[in-house]
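All remarks here apply to the structure that follows.
The values are calculated or read from the model by the stated rules, or taken from the named source; none is laboratory data. Being a predicted model, the structure only gives us computed values, none of them experimental. No Cβ is skipped: glycine too gets one built from the backbone with ideal geometry, and neighbour counts run over all protein chains shown. We work out accessible area using only protein heavy atoms, side chains counted, and drop any ligands, DNA or RNA first. Shrake-Rupley method; radii C 1.70, N 1.55, O 1.52, S 1.80 Å.
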Amino acid sequence: MADAVDMAIVDKGIDDSIGKLTPERIESVIRRVLDKESGARLQVYVETCVRCGLCAEACHTYLSRDKDPDYSPVAKVKATLWEMTRRNGRVDGPFLRNAARIAFTECGTCRRCSMYCPFGIDIAYLLSTVRRICALLGIVPQYMQDTTNAHSVASNQMWIQQDDWIDALMWQEEEACAELPGALIPLDKEGADVMYSVIAPEAKILAQLIGNMAILMKAAKVDWTMPSADGWDNSNMAMFSGDYEIMGRVERAHWERAVQLRVKRVVMGECGHAFRGAVYDGPKWLGWRGPPIPMVHAVEFYYELLSTGRLKIARKITEPVTLQDPCNIVRGRGLHDKLRYVVRALCEDFRDMDPRDEHNFCCAAGGGVINCGPPWKLSRLKSIRVKAEQLAATKAHTVITPCHNCHSGIEDIIGHYKLGMHTKFVNELLVKCIEMPGS
Amino acid sequence: MYPYHVPLVWTAFIALFAGLSYRLVSMARLAAREKTVLPTLDAKYGARSILHWVIPFNSRNMRMRPLFTVVSFAFHICLLATPLLLMGHAVLWKTAWGLRWWSLPPVVADATTLVVIAGGVFFLLRRIAAPEVRKVTAVSDFLLVLLVISPFLTGFVARMQWFRSSIPYSTMITIHIVAGALWLAAIPFTRLSHMLWFVFSRAYMGSEFGAIRRARDW
Amino acid sequence: MVNPSNWDWSPGRKLVADVNDAGPDFVVRELAVSPDGERLAAAVQNGDTHHIRVNGQLEPQEYEKAWHLRYSPDGRLTALVRRNDQWSVLVDGQVWEEQFDYAWNTKFSPSGSIGVQFKRDMRYSVAIDGTPWEQSFLSCRDFAMSDDGQSAAATVQVEALPEADIFKFLQGTWSIAVDGKAWDRKFLNAYTPRFSANREHVAAQVRLDLFEYTAAVDGTPWESRFGCIWEPTFRPDRADLLVPIRVDGGWTLAENGKPIWNRKYVQLWNQRLSPDGRRVAAVVATSYGRWTVAVDDVPWKLTFGNLVAAPVFSADGHHVAATIRTDAQWSVAVDGAVWPAVFDMAWEPVLSPDGSAVAARVETGGRHALAVNGVVWRPRFDRLWDPVFSSDGKKLLVRGIDDGRYHRQVLPVQEVIG
Ligand code: HEM
Ligand code: HEM
Ligand code: SF4
Ligand code: SF4
């Protein structure tokens, strides 16, 4: 049985909106999504699934909740999409309330289960389709909807005003120059080799990450730039809330900014879901088969700088570290080997987790789950005991998390399960370890 | 075979092939409407994925469940090989169309038949015993497995000439042929169509993982 | 309006300024070149102070910051500058009297007006030519000026939104303000205000409900509603409004609320009008991942895989060109044909008035060059600015830096295309 405490969680975004729905509206929205917005993929997936349950073992939610069958991937689809299909959209409020909880908070669309299903059924896609239905019906967890609203207004996920953004960049330039003279942040530099794009938390709460990047760029002599205007944040909660129109708008703004600046490529900061939004989901909805200009994730960029000797390591981190593979850059881009190259270059005592690489467990924060906010925090942490056990087994002090979601998610896990570790971005270790020019 | 079996057999084969073609064509149409699906399919990575998933113990999940993997592969291999390579069927192919090919020695065929039946029983028990499977199981899932093993059961009974005192051989054969016909005809229209879609769902996932996300999917 | 006929069009090359002549103490942060090519401006930094330098002459003022160096179309030099923690706009050596807590996003009207967004006392607004609107707002994220610079319209937040209040958001907190006065109607979002040529009308994208978009003109939304839309454009000769709309998962072009194109595209955006307003060109995706330009609903046969940038019309409206990227290389496509040469980068094409010559700056192997009708002119540059055609289309003004020196050069187009 699904956890009774979680089932009772009240979220304004879901509970207050459900009452306003009429049966006609529900039916017409579900049928629109099933008949018009979906097609062969959905049909094949629903029909092919032989209900073998082999996907269960893949899911951290299922494993962390004592293998409660309600949390297996296929059970989540059964409780949501299959029923909607079977009843041809004629479902009621309580059903939708349950479906929204499952789709938004009990699946992080991490896609691990697709690697365990012998048919490669994309459960994350099916549950995203449920999210889409919920979004069209206006039932989205409050905090996630608020983030989507921020994207729609500000083209970034934290309502950051345009002047605050520029100010943060200028401030970080000063900070970086204090560490390494000449570590400038060139704004809107047309034709630069690299445009660096970040997500809003870097401007609002983790600004030093931008300063760090300025130091790394200077040390590696990279011709780079950052945009001073909207389009700098390509993170995308709208992608997870099911508001594909806003998702598309945000990604369009980002890519058009890059095209306008005529940069050769975009380096995405240490964020997995933003990478996913900019490389897959956004372009796909907009009609691009891939990003119109190449994009590399920071991990790949660091790998490039280190392996070509453009950045040299002067000293290594000695305390034991472990590494969280972010879903969106391992299952999403196969960067696990490069990531380990970087980590080994920086750390003497690296203790890997198991399972790892494409088979990593999600941090349970991804896929928008952490953005569902405080009401769901405890539920999220219950869903990720496996990660806590994995972390504890390494006995590391530092967990390297090259993704904002992983960073916050693991931070929460450490706190909740009292692991006594701390998290770091690769960028924070790099600035400590590299050889500074002129020193 | 009796003359009255002939239309039944024909109907079953027509249902199978016409059904599969129909499903394929209408699904292709549907896929074309969903503009991103067909362009995403990638021959190389699609094939890579299929290949990796038809080799026993090649995926992590197969290694994590050795018993299931053995049963599943044995079940499927025997399930496909037995009817095609069966002496009792070969005779029919020959008399109908003059087609001939190699047949399994009868004892082997008996064994493969039993493997399928045993596999089916295993799946049935698993549906009851494993909570994560029971959770998503409906009556139709049991019926489907029963349908799948029914030609094997009836064929075996006929061959062994069991229960001859109560059921004449010819009746048993008729029952067998009805079961076989249902079996064939059910493939395109039930979840047994996974035989057809397996190739496509795997190829799609393989293309996404390989060509777009540059990762492995096994 | 700028009139290039008054510029010096006598063929020849002249050295205008040395980029680094201020010495090693100065870091050159930004460069800008005047439209006529006669001046090279630099924003330079010496320790904590920022300065502006034009043609090697350091201007006397010092700033805490000076950035966003831009020449207006009529050749005035602007920058965003900070002194005593207050921001303002520097125009040809003079800083506006008005000071702001922040000022950014300098824009120019074709007539030469200069506008910025600003923040003062945590309120947001717009200032044109040194005069701020009287009204200010909770936020402001974009603005546009009329062609004559007499009016401005901005996307503004007109209702406060308590933290995470998703219900109030649904009632509408954004609108468009024209010359400081907000439209009566509030929207979930309002984007991209645009003026009609005669400045009598303002249009914008508006979002009426979470999944309901349309265009609004002077505060009144169109009757028809769409799943999504992109930015509107007025026909230059009249007040008819063109908007890309998404209907049943496909895109087409609408005018005044009704589809005027018949084809459905996987994508359609960046529509541009010929100067006479008769022809419309837009970037379209004809199938997933295949991009091209459609002119009056007829897509070019040739399609491109990575991207097609906004199309550009020749002054006579007969020719259309656009930057494209396909198979990871950049080039320029003109009237449905693509230049045979490919580049590491290509900038927006510039068309001669009759469209017979198309020029663009391009980059190969880290060096910049000028290409005309697909032919690459031999000289290489560290940096180039967009070329400018003379009004007869026979000559080209080339503005480029090579070996640290900025030159202005006028050359006959024939010299490049031979
Ligand atoms: C639809 C037309 C079919 C006909 C006319 C037919 C006919 C026969 C005949 C005549 C026998 C021989 C019995 C004996 O040896 O005395 C037989 C055996 C058998 N048939 Fe079929 N069959 C059909 C379909 C199928 C199908 C679809 C399957 C399985 C999927 C199947 C599986 C078997 C098996 C397993 C045996 C017994 C094998 C053994 O233990 O040797 N048959 N069938
Ligand atoms: C060559 C094509 C086929 C492929 C690739 C295939 C693949 C699979 C896979 C991957 C499963 C999931 C569980 C497992 O691994 O056992 C499965 C289950 C199953 N298959 Fe197939 N299959 C094929 C043909 C068939 C046919 C022709 C039948 C019968 C008509 C069949 C009957 C079944 C049954 C009954 C199950 C259900 C197991 C359960 O109840 O859990 N398969 N198949
Ligand atoms: S959380 Fe991951 S493994 Fe679990 S159902 Fe969702 S996509 Fe599958
Ligand atoms: S593993 Fe695949 S086929 Fe089996 S139950 Fe899960 S989704 Fe269905």
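Leaving ligands, DNA and RNA out of it, rank A:Ile102, A:Ile313 by accessible area with a 1.4 Å probe, largest first.
Ranked list, largest accessible area first: A:Ile313, A:Ile102.
Can you pull out the buried accessible area for chains A and C, both sides counted, probe 1.4 Å, rounded to the nearest 100 Å²?
That pair of chains buries around 4900 Å² in total.
Kindly give Rg over Rh for the protein assembly as shown, based on alpha-carbon atoms, with the Kirkwood expression for the hydrodynamic radius.
Looking at the protein assembly as shown, the ratio lands at 1.02.
On a straight-distance basis, which lysines could pair with C:Lys186 in a cross-link, Cα separation under 16 angstrom, same-chain partners fewer than 8 positions away excluded?
Correct list for C:Lys186: C:Lys168.
Taking the Cα-to-Cβ direction at B:Phe142 and at B:Phe189 and moving 7 Å from each Cα, how far apart do the two end points lie in nm?
2.4
Could you name the aspartates and glutamates whose alpha carbon sits less than 14 Å from that of A:Lys418, not counting residues in the same chain fewer than 8 places away?
Excluding near neighbours in sequence, the set is A:Glu389.
Would you give the gap between the C-alpha center of the stretch C:110-187 and the C-alpha center of the stretch A:403-436, rounded to a whole Å?
With the stretch C:110-187 and the stretch A:403-436 each reduced to a Cα centre, they are spaced 40 Å.
Accessible area of B:Cys78, 1.4 Å probe, to the nearest 10 Å²?
It works out to around 20 Å².
What trypsin sites (Lys or Arg not before Pro) does the stretch A:360-411 have in DSSP loop regions with at most 16 other beta carbons within 10 Å?
A:Lys395
How would A:Arg31, B:Arg127 rank on accessible area, largest to smallest, probe 1.4 Å?
Per-residue accessible area, sorted high to low, gives A:Arg31, B:Arg127.
Among A:Val44, A:Val33, A:Val343, which one shows the biggest mean-square fluctuation in a GNM of chain A, springs joining Cα atoms closer than 10 Å?
A:Val44
Based on the Cβ-Cβ distance from C:Asp179 to C:Asp121, what FRET efficiency comes out when R0 is 25 Å, to the nearest 0.05?
0.75
So how far, in whole Å, is the C-alpha centre of the stretch A:150-203 from the one of the stretch C:260-290?
One Cα centre to the other: 33 Å.
Add -39500 (n - 2.57) for each DSSP H run of 4 or more in chain B, then divide by its residues: what number comes out at 222 nm, to the nearest 500 deg cm²/dmol?
That calculation yields -25000 deg cm²/dmol at 222 nm.
Residues of the stretch A:181-207 losing 40 Å² or more of accessible area relative to the isolated chain, 1.4 Å probe, heavy atoms only?
Buried-area filter returns A:Leu184, A:Glu190.
Which shape class, rounded, prolate or oblate, goes with the stretch B:5-212 when its Cα gyration tensor gives a ≥ b ≥ c as root eigenvalues, a/c under 1.5 marks rounded, and past that a/b bigger than b/c marks prolate?
prolate
Ordering A:Ser383, C:Ser111 from largest to smallest accessible area (1.4 angstrom probe), what's the sequence?
Result, largest first: C:Ser111, A:Ser383.
Too long at a 19 Å Cα-Cα cut-off: which of A:Lys264/A:Lys432; A:Lys316/A:Lys432; A:Lys78/B:Lys35?
The answer is A:Lys264/A:Lys432; A:Lys78/B:Lys35.
Hey, with R₀ at 41 Å, roughly what FRET efficiency would C:Gln135 and A:Glu190 work out to, going by the Cβ-Cβ distance, to 0.05?
Efficiency computed from Cβ-Cβ geometry: 0.75.
List the aspartates and glutamates whose alpha-carbon lies under 19 Å from that of A:Lys12, not counting same-chain residues fewer than 8 positions away?
Partners within reach: A:Asp92, A:Glu106, A:Asp146, A:Asp243, C:Glu163, C:Asp165, C:Asp209.
Which whole-number value in Å³ per residue fits the convex hull of the alpha carbons of the stretch A:312-433?
91
Heads up, I need the accessible area for C:Val27: 1.4 angstrom probe, whole protein in place, Å², nearest 10.
About 60 Å², ignoring ligands and nucleic acids.
Heavy-atom accessible area of C:Thr49 with all protein chains present, probe 1.4 Å, nearest 10 Å²?
40
Might you report the magnitude of the Cβ-based charge dipole of the stretch A:304-439 about its Cα centre, with Lys and Arg at +1 and Asp and Glu at -1, to the nearest 20 debye?
That gives a dipole near 160 debye.
Working only with C-alpha atoms, what are the Rg and Dmax values of the stretch C:365-418, expressed in angstrom?
Just the Cα atoms of the stretch C:365-418 yield Rg and Dmax of 10.9, 33 Å.
Counting only helical runs of four or more DSSP H residues, what would the 222 nm mean residue ellipticity of chain C come to if each run contributes -39,500 (n - 2.57) and the total is spread over all its residues?
-500 deg cm²/dmol
Helix-only estimate, please: 222 nm mean residue ellipticity of chain A, summing -39500 (n - 2.57) across DSSP H runs of length 4 or more and dividing by its residues, to the nearest 500.
-13000 deg cm²/dmol
Mean-square fluctuation check for chain A, GNM, Cα pairs under 10 Å: which of A:Lys12, A:Lys36, A:Lys312 is largest?
Highest fluctuation among the options: A:Lys36.
Which of B:Ile167, B:Ile149, B:Ile117 moves the most in a Gaussian network model of chain B with Cα springs under 10 Å?
Comparing B:Ile167, B:Ile149, B:Ile117 in the GNM, the peak value goes to B:Ile167.
Which distance in nm do the two modelled labels at C:Glu59 and C:Asp382 give, with both placed 7 Å along the Cα-to-Cβ direction?
Here the modelled spin labels are 2.3 nm apart.
Just to verify a number: FRET efficiency for C:Ser224 and C:Leu170, C-beta to C-beta distance, R0 = 22 Å, to 0.05?
For R0 = 22 Å, the calculated efficiency reads 0.55.
Rounded to the nearest Å, what's the spacing between the alpha carbon centres of the stretch B:82-136 and the stretch A:258-292? Just the number, please.
Cα centres, the stretch B:82-136 to the stretch A:258-292: 51 Å.
Within 10 Å of each candidate Cβ there may be at most 16 other Cβ atoms; applying that plus a DSSP loop requirement, which GluC sites (Glu not before Pro) in the stretch C:166-231 survive?
C:Glu200, C:Glu223
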